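Colleague: Please read through the structure below; I'll follow up with questions.
The values are calculated or read from the model by the stated rules, or taken from the named source; none is laboratory data. Predicted, not measured: the structure shown is a model, and the values here were computed from it. Every residue, glycine among them, receives a Cβ derived from its backbone with ideal geometry; neighbour counts consider all protein chains shown. Calculation scope for accessible area: heavy atoms of the full protein, side chains included, ligands and nucleic acids excluded. Shrake-Rupley method; radii C 1.70, N 1.55, O 1.52, S 1.80 Å.
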Amino acid sequence: MEIKARDLIAAGWLEGRRLGSVLRRARELDATGLDRALVFAQLEQEFPMLPPPIAPRAVAAPLAEAVEADTAEETDNVAKSRARIQELLHVPVVQRGVLMPDTCPAGGGTATIPVGGAIAVENAIIPGAHSADICCSMFATFFDANHPIGEMMDHLQKITHFGAGGRPRGKQFASAVLDEPVWDNPFLSGLRSRAQDFLGTQGDGNHFAYVGHIQFAEEQRVAIEAAGYTELAEWITRRDGKFSVLVTHHGSRGLGADLYKRGQIAARRWCDENAQGIPDAAVWLPADTDEGRAYWDALQYIGRWTRENHAQIHAAFLSRLGQRALVQIGNEHNFVWKRGDVFFHGKGATPAWRDEQGRPLLGLIPLNMAREILLVLGSDNTDYLSFCPHGAGRNMSRSAMMRPYKDADGELDPARIQQVLAETTAGLDIRWYGGAPDLSESPLGYKDATKVKAQIARFGLATVVGEIQPQGCIMAGEAPEPHWQRARREKRAAHKSERREGLAETQQ
């Protein structure tokens, strides 16, 4: 009698994709006339029986919350974030979790890590927990403060690039990072052209290029020097504490998104074969497998590429100004970091521990385009996994935030948008690379910056040692509406108008 899948399951092999390969080999061996017992013995050598599939925890791993909610809106926001991360904390490789002051739901399905969420993971990398925007990060260059803001913003707008796609041919950047010997990594294979295309770009959404100024107080210089950042402390002394600062915020663009997709597919495949009941947002790759090590190596390259992407934009800006970088610092907030044997995953969470030299990490925390960017020293507060927030976060989705500014036809009122922006960004040089303002990225779209700042101190997450005050900011903005989309929208609006007119006539 032919060997069937149920025979293999009864003998100890597990259901799953792998079972098909075992069954095909079993029938090949059986066709040779080999004794059935010997067939199964040979199969055990070629396809060792796996242990029972890994299942979710019955009880969630511990969660710490470094966030306070004062209003009904804030309470609802935190509750939604808590529900999502609690789902993730049932995943067996996750040891602990934390919510930061900027926490807000990130959308997606079951176990999707919220913004402002971080987890400690044992021997595994969870692609969904660093998200598609791998290595979204901050980068700051301090330079001499002797240029008017309009001049700096003009130069910045000419050298940066926002929106979909990469830089156009003829305007691409060159860099040694493109020639690193990494392209035989299975997770990076074939992506060199993507790395080239997206170098020197910043994307869309909440990514920005921000110009500001800073005046360090003496006590801040002393704290920076005591923390071990002697170069910055020396420049503060030389320049009487005063600098202009360029700060950029973006991730790894299409290159990182491609890596994320590959990692997600590999992690889903591994969990299908070795675990059960694991949601898509929580699938993982064991870090000690060949595939896990290759993914880790690919992540490290993405980190180097993204830092170079920041540096290239800053170098082009400084070149146009005739300036040089005095000090540069940066940090990731969507990434995976290894400390000892633990893999720390953050989605919108800034590392606030000590570096290899024992120095508390310097971090940059933006609040919104019209507020200061905080320069902080991490407190290495293990109660909260030694993270601090990455920004101000949101209390509602983009669509919900925009709803009050739409008319009866669901269309945004441009005049009202301009008025609101003028009120919330008064005195600043605010530009939208795509031309049209994106109200959801204005200060109205984010949590109360003062509250977030206070909670950093309240929970002992970091110490503020400088504040970069805003002068100007460029964001992607709304891209021009394609003609076909505009025609469809206008047609839909006309139909609504006709229906309203018809209803009015009927009621008369």
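Colleague: So, Glu73, is that one under 23 Å from Pro366 (Cβ atoms), open to solvent by 10 Å² or more (accessible area, probe 1.4 Å) and in a helix (DSSP H, G or I) or not?
Modeller: Values: under 23 Å from Pro366 (Cβ atoms): yes; open to solvent by 10 Å² or more (accessible area, probe 1.4 Å): yes; in a helix (DSSP H, G or I): yes.
Criteria met by Glu73.
Colleague: Related question: Only one residue in Pro351, Pro360 is surrounded by 15 or more Cβ atoms within 10 Å (Cβ to Cβ), within 16 Å of the chain's Cα centre (by Cα) and modelled with pLDDT of 90 or more. Which one?
Modeller: That would be Pro351, the only listed residue that is surrounded by 15 or more Cβ atoms within 10 Å (Cβ to Cβ), within 16 Å of the chain's Cα centre (by Cα) and modelled with pLDDT of 90 or more.
Colleague: Conditions: (1) in contact with a strand residue (DSSP E or B) (Cβ under 9 Å, 6 or more places away or on another chain); (2) among the basic types (Lys, Arg); (3) within 24 Å of Gly163 (Cα to Cα). Arg398 meets all but one. Number of the miss?
Modeller: Here Arg398 meets the rest and fails (1).
Colleague: Within the range 10-30, take every residue that is under 12 Å from Glu46 (Cβ atoms) and open to solvent by less than 50 Å² (accessible area, probe 1.4 Å) and give me the one that is modelled with the lowest pLDDT. Full working, then the answer.
Modeller: So in the range 10-30, the residues under 12 Å from Glu46 (Cβ atoms) come out as 13, 18, 21-22, 24-26, 28-29.
From the residues that got through so far, the ones that are open to solvent by less than 50 Å² (accessible area, probe 1.4 Å) too are 13, 21-22, 26, 29.
On the way: Trp13: 84, Ser21: 88, Val22: 92, Ala26: 94, Leu29: 93.
Looking at residues that are under 12 Å from Glu46 (Cβ atoms) and open to solvent by less than 50 Å² (accessible area, probe 1.4 Å), I get Trp13.
Colleague: On to the next question. Keeping to the range 437-471, report how many residues are open to solvent by less than 40 Å² (accessible area, probe 1.4 Å) and among the aliphatic types (A, V, I, L, M). Explain how you work it out, then say what you get.
Modeller: From the range 437-471, those open to solvent by less than 40 Å² (accessible area, probe 1.4 Å) are 437-443, 445, 447, 449, 452, 455-456, 459-462, 465-466, 468, 470; that's our starting set.
When the remaining residues are screened for being among the aliphatic types (A, V, I, L, M), the result is 439, 449, 452, 456, 461-462, 465, 468.
Total meeting the criteria: 8.
Colleague: Those residues that are within 30 Å of Gln328 (Cβ to Cβ), open to solvent by 10 Å² or more (accessible area, probe 1.4 Å) and modelled with pLDDT of 95 or more, I need them from the range 105-131; list them, please. Before the answer, list the steps.
Modeller: Kept after step one, since they are within 30 Å of Gln328 (Cβ to Cβ), are these residues of the range 105-131: 106, 113, 115-120, 125, 127, 129-131.
Those still in the list that are open to solvent by 10 Å² or more (accessible area, probe 1.4 Å) too: 106, 115, 131.
Selection gives Val115 alone.
Colleague: What about Glu44, is it outside any helix (DSSP H, G or I), under 22 Å from Trp270 (Cβ atoms) and either among the acidic types (Asp, Glu) or touching a residue at least 60 places away in the same chain (Cβ under 8 Å) (or both)?
Modeller: Details: outside any helix (DSSP H, G or I): no; under 22 Å from Trp270 (Cβ atoms): yes; either among the acidic types (Asp, Glu) or touching a residue at least 60 places away in the same chain (Cβ under 8 Å) (or both): yes.
For Glu44, the condition - outside any helix (DSSP H, G or I), under 22 Å from Trp270 (Cβ atoms) and either among the acidic types (Asp, Glu) or touching a residue at least 60 places away in the same chain (Cβ under 8 Å) (or both) - is not met.
Colleague: Does the range 47-70 hold any residues that are without any contact (Cβ under 8 Å) to a residue 40 or more places away in the chain and open to solvent by 70 Å² or more (accessible area, probe 1.4 Å), and which are they?
Modeller: Met49, Pro51, Pro52, Arg57, Ala58, Val59, Pro62
Colleague: While we're looking at this one, here's another question. List the number of the failed condition for Pro286; all other conditions in (1) open to solvent by less than 20 Å² (accessible area, probe 1.4 Å); (2) of a type outside the set (Ser, Thr, Tyr); (3) modelled with pLDDT under 95 hold.
Modeller: Answer for Pro286: the failing condition is (3).
Colleague: Restricting the range 76-104 to residues that are touching a Cys at 6+ places or on another chain (Cβ under 9 Å) and not in a strand (DSSP E or B), which is surrounded by the fewest Cβ atoms within 10 Å (Cβ to Cβ)?
Modeller: Within the range 76-104, the first condition is being touching a Cys at 6+ places or on another chain (Cβ under 9 Å), and the residues that meet it are 77-78, 80-81, 100-101.
Applying the additional criterion that residues be not in a strand (DSSP E or B) yields 77-78, 80-81.
Working: Asn77: 22, Val78: 22, Lys80: 14, Ser81: 25.
By that ranking, first place goes to Lys80.
Colleague: With the structure loaded, tell me whether Gly330 is surrounded by fewer than 24 Cβ atoms within 10 Å (Cβ to Cβ) and touching a strand residue (DSSP E or B) at 6+ places or on another chain (Cβ under 8 Å) or whether it fails that test. Please lay out each step first, then the result.
Modeller: Numbers: surrounded by fewer than 24 Cβ atoms within 10 Å (Cβ to Cβ): yes; touching a strand residue (DSSP E or B) at 6+ places or on another chain (Cβ under 8 Å): yes.
Yes: the conditions hold for Gly330.
Colleague: Checking Trp270 against (1) touching a Leu at 6+ places or on another chain (Cβ under 8 Å); (2) open to solvent by 10 Å² or more (accessible area, probe 1.4 Å); (3) outside any helix (DSSP H, G or I), only one condition comes out false. Which one?
Modeller: Unmet for Trp270, out of (1) touching a Leu at 6+ places or on another chain (Cβ under 8 Å); (2) open to solvent by 10 Å² or more (accessible area, probe 1.4 Å); (3) outside any helix (DSSP H, G or I): (3).
Colleague: Could you check Ser386 against (1) hydroxyl-bearing (Ser, Thr, Tyr); (2) open to solvent by 30 Å² or more (accessible area, probe 1.4 Å); (3) closer than 23 Å to Glu122 by Cα and say which number it fails?
Modeller: (2)
Colleague: Test each condition in (1) open to solvent by 10 Å² or more (accessible area, probe 1.4 Å); (2) under 30 Å from Lys447 (Cα atoms) for Glu151 and report the one that comes out false.
Modeller: Answer for Glu151: the failing condition is (2).
Colleague: Quick one: in the range 418-432, which of the residues that are assigned to a helix (DSSP H, G or I) and open to solvent by 30 Å² or more (accessible area, probe 1.4 Å) is nearest to Pro443 (Cα to Cα)?
Modeller: Residues of the range 418-432 that are assigned to a helix (DSSP H, G or I), as a first pass: 418-424.
If we keep only those that are open to solvent by 30 Å² or more (accessible area, probe 1.4 Å) too, we end up with 418-419, 422-424.
Values: Gln418: 13, Gln419: 13, Ala422: 11, Glu423: 10, Thr424: 7 Å.
If we take residues in the range 418-432 being assigned to a helix (DSSP H, G or I) and open to solvent by 30 Å² or more (accessible area, probe 1.4 Å), then Thr424 is nearest to Pro443 (Cα to Cα).
Colleague: Quick check on my filter: what residues within the range 197-245 are modelled with pLDDT under 95 and assigned to a loop (DSSP other than H, G, I, E, B)?
Modeller: To start, the set of residues in the range 197-245 that are modelled with pLDDT under 95 comprises 203-206.
Matches in the range 197-245: Asp204, Gly205, Asn206.
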